[in-house]
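Chemist: Following this message is one structure expressed as structure tokens.
The values are calculated or read from the model by the stated rules, or taken from the named source; none is laboratory data. Quick caveat: nothing in here was measured; it's all calculated off a predicted structure. Cβ atoms come from the backbone with ideal geometry, glycine included; neighbour counts cover every protein chain shown.
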DNA sequence: ACTAAATATGCGCATATACTCATATAATTA
DNA sequence: TAATTATATGAGTATATGCGCATATTTAGT
């Protein structure tokens with residue numbers, strides 16, 4: 001492949017990254033996950049409990065948010081802890097996150113999620129009766 | 001339908017509006033259209049020329065942005081002029097628009113669109129050889 | 001009123017998305 | 001090392017999306 005072709009790809013990548021981000025943020029499940037993670041870092045099973053959703057659904061959507069650069073993941077023993085890396089993320093991503101947070105202010109679905117989050121415990125999916 | 005059921009629907013509407021907005025902003029064509037309209041209000045045929053896309057594609061995506069509350073449309077003679085209503089739109093929408101604008105700064109695809117916009121004329125689709 | 005022009009939209013197709021179910025992978029503990 | 005636990009992921013399915021093509025709708029001009 002020619003140098004030129006590579007350049008064209010690089011130029012298109014910025015746009016692709018942006019649409020990827022916006023796509024990640026255009027789904028209700030993922031907006032709810034993001035909002036919960038703005039409250040506190042969580043493992044998959046805590047997200048399951050807060051949103052009252054299945055394990056695979058939680059895991060897959062966390063992966064999409066991570067892939068879009070909105071979350072970071074670290075292992076902590078048996079768990080993988082997801083968090084919003086407010087400082088480390090690209091500036092345009094943190095702008096979006098701030099806008100989303102504001103847009104979700106007072107939202108009732110979110111309120112319920114945050115309520116359930118309070119009683120969520122770091123216990124595996126197998127012990128979450130869902 | 002009971003009052004309760006209506007309340008539940010109303011509570012869910014805020015979330016639905018947000019995902020609708022984000023969805024509208026998660027497509028490359030629509031991000032490009034929005035960016036062009038931040039430069040100057042346009043009729044459909046000017047958007048066609050700036051982005052070098054078909055008439056139905058321009059019209060449909062303008063409609064989606066409009067439906068999401070991001071654009072307003074007014075008739076001007078034979079034309080329908082679309083614009084970003086920066087003052088009139090919901091606050092969370094204008095936050096998103098600002099973030100998008102910043103994210104697209106220096107983007108090459110956008111640069112080409114804006115270049116073509118300069119030479120775009122308000123002449124109907126039938127006279128745009130595409 | 002008739003014709004032309006500008007925009008919107010129904011339809012069909014190809015592709016993308018989101019979910020569940022079942023299973024694979026990776027780390028912990030006995 | 002074997003069993004258990006936490007998370008990721010492949011497969012299948014139902015639905016949503018984006019596009020082009022053709023056509024409908026609405027306005028302008030004669």
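Chemist: Going by what's in this entry, would residue A:35 be described as within 14 Å of chain B (Cβ to nearest Cβ), within 8 Å of DNA strand C (Cβ to nearest atom) and within 10 Å of the chain's Cα centre (by Cα)?
Modeler: Numbers: within 14 Å of chain B (Cβ to nearest Cβ): yes; within 8 Å of DNA strand C (Cβ to nearest atom): no; within 10 Å of the chain's Cα centre (by Cα): yes.
No; evaluated as a whole, the condition is false for this residue.
Chemist: Among the candidates A:60, A:35, A:66, single out the residue that is modelled with pLDDT of 95 or more, farther than 25 Å from residue B:12 by Cα and assigned to a helix (DSSP H, G or I). Step through it out loud before you land on a result.
Modeler: Details: A:60 fails: farther than 25 Å from residue B:12 by Cα; A:35 fails: farther than 25 Å from residue B:12 by Cα.
None of the others qualify; the one that does is A:66.
Chemist: May I pose another question? Could you grab me the full set of residues in the range B:70-94 that are within 14 Å of residue B:37 (Cα to Cα) and either touching a residue at least 24 places away in the same chain (Cβ under 8 Å) or assigned to a loop (DSSP other than H, G, I, E, B) (or both)?
Modeler: Within the range B:70-94, B:70, B:71, B:80, B:81, B:82, B:83, B:84, B:85, B:86 qualify.
Chemist: How many of the residues making up the range B:71-96 are more than 14 Å from chain A (Cβ to nearest Cβ) and either touching a helix residue (DSSP H, G or I) at 6+ places or on another chain (Cβ under 6 Å) or away from DNA strand D (no atom under 11 Å from the Cβ) (or both)? Step through it out loud before you land on a result.
Modeler: Quick first cut of the range B:71-96, residues more than 14 Å from chain A (Cβ to nearest Cβ) only: B:71-88.
Restricting the remaining residues to those that are either touching a helix residue (DSSP H, G or I) at 6+ places or on another chain (Cβ under 6 Å) or away from DNA strand D (no atom under 11 Å from the Cβ) (or both) gives B:71-74, B:81-88.
Adding up the residues that qualify gives 12.
Chemist: Also, quick follow-up: Quick check on residue A:97: is it surrounded by 14 or more Cβ atoms within 10 Å (Cβ to Cβ), more than 10 Å from DNA strand C (Cβ to nearest atom) and in a helix (DSSP H, G or I)?
Modeler: On the way: surrounded by 14 or more Cβ atoms within 10 Å (Cβ to Cβ): yes; more than 10 Å from DNA strand C (Cβ to nearest atom): yes; in a helix (DSSP H, G or I): yes.
So residue A:97 fits the description; yes.
Chemist: Working carefully through the options A:102, A:118, find the one that is over 14 Å from the mean Cα position of the chain (by Cα), more than 14 Å from chain B (Cβ to nearest Cβ), exposed (fewer than 14 other Cβ atoms within 10 Å of the Cβ) and assigned to a helix (DSSP H, G or I).
Modeler: Numbers: A:102 fails: more than 14 Å from chain B (Cβ to nearest Cβ).
When all the criteria are applied, what remains is A:118.
Chemist: Something else: Applying the selection to the range B:50-70, what residues are surrounded by 23 or more Cβ atoms within 10 Å (Cβ to Cβ), more than 11 Å from DNA strand D (Cβ to nearest atom) and away from chain A (no Cβ under 14 Å)?
Modeler: Scanning the range B:50-70 gives a single hit, B:50.
Chemist: Could you say which residue among B:123, B:128 is loosely packed, with under 14 Cβ neighbours inside 10 Å, away from every other protein chain (no Cβ under 14 Å), within 16 Å of DNA strand D (Cβ to nearest atom) and at pLDDT below 95?
Modeler: B:123
Chemist: Condition first: farther than 21 Å from residue B:125 by Cβ and either within 16 Å of DNA strand C (Cβ to nearest atom) or modelled with pLDDT under 95 (or both). Can you find one or more residues in the range B:45-52 that meet it? Show your work before the answer.
Modeler: Step one: of the range B:45-52, the residues farther than 21 Å from residue B:125 by Cβ are none.
Scanning the range B:45-52 turns up no residue that is farther than 21 Å from residue B:125 by Cβ and either within 16 Å of DNA strand C (Cβ to nearest atom) or modelled with pLDDT under 95 (or both).
Chemist: Going by the conditions given, is residue B:30 more than 9 Å from chain A (Cβ to nearest Cβ), touching a helix residue (DSSP H, G or I) at 6+ places or on another chain (Cβ under 8 Å) and either modelled with pLDDT under 95 or crowded, with 18+ Cβ neighbours inside 10 Å (or both)? Break it down stepwise before answering.
Modeler: On the way: more than 9 Å from chain A (Cβ to nearest Cβ): yes; touching a helix residue (DSSP H, G or I) at 6+ places or on another chain (Cβ under 8 Å): yes; either modelled with pLDDT under 95 or crowded, with 18+ Cβ neighbours inside 10 Å (or both): yes.
Against the criterion (more than 9 Å from chain A (Cβ to nearest Cβ), touching a helix residue (DSSP H, G or I) at 6+ places or on another chain (Cβ under 8 Å) and either modelled with pLDDT under 95 or crowded, with 18+ Cβ neighbours inside 10 Å (or both)), residue B:30 qualifies.
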